[in-house]
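The values are calculated or read from the model by the stated rules, or taken from the named source; none is laboratory data. None of the values given here were measured: they were computed from a predicted structure. Just the protein is used for accessible areas: all its heavy atoms, side chains included, with ligands, DNA and RNA removed. Shrake-Rupley method; radii C 1.70, N 1.55, O 1.52, S 1.80 Å.
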Amino acid sequence: VEIHKKLNIGRDTFQACGRGGTSWSAMIKDLAVAVFGRSMLATHSLSGKIGNANKESQAKPPLDPTKVELIIGIKVLK
């Protein structure tokens, strides 16, 4: 499924997104895993800034902001 020129995922993967829950947040989470992968999500953050809970640690690199915006905007397509 081509969601955008920079964001392609398999049709089966797209159709399975959100089936584990009934909310949009479940779908967004599934799409994020499909696009970025679990390892990248574990080592990156949305903004690339240090969070309030971990001020003593180093900031994680940000996820691709274009892909993040496309994932967030997907709820109007499904």
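Stretched out straight at 0.36 nm per residue, the stretch from residue 13 to residue 39 would grow longer than its current Cα-Cα span by 7.6 nm.
When the pairs 29/55; 5/67; 5/49; 6/49 are compared against a 22 Å limit on Cα-Cα distance, 29/55; 5/49; 6/49 fall above it. Once the Cα atoms are used to define both axes, helix 24-36 deviates from the longest principal axis of the chain by about 80 degrees. The structure-derived value of Rg and Dmax of the Cα atoms in Å appears in the list [x] 12.4, 34; [y] 13.6, 42; [z] 12.5, 39 under the label [y].
The largest accessible area among 27, 40 belongs to the first residue in 40, 27, and the rest follow in falling order (1.4 Å probe, all chains).
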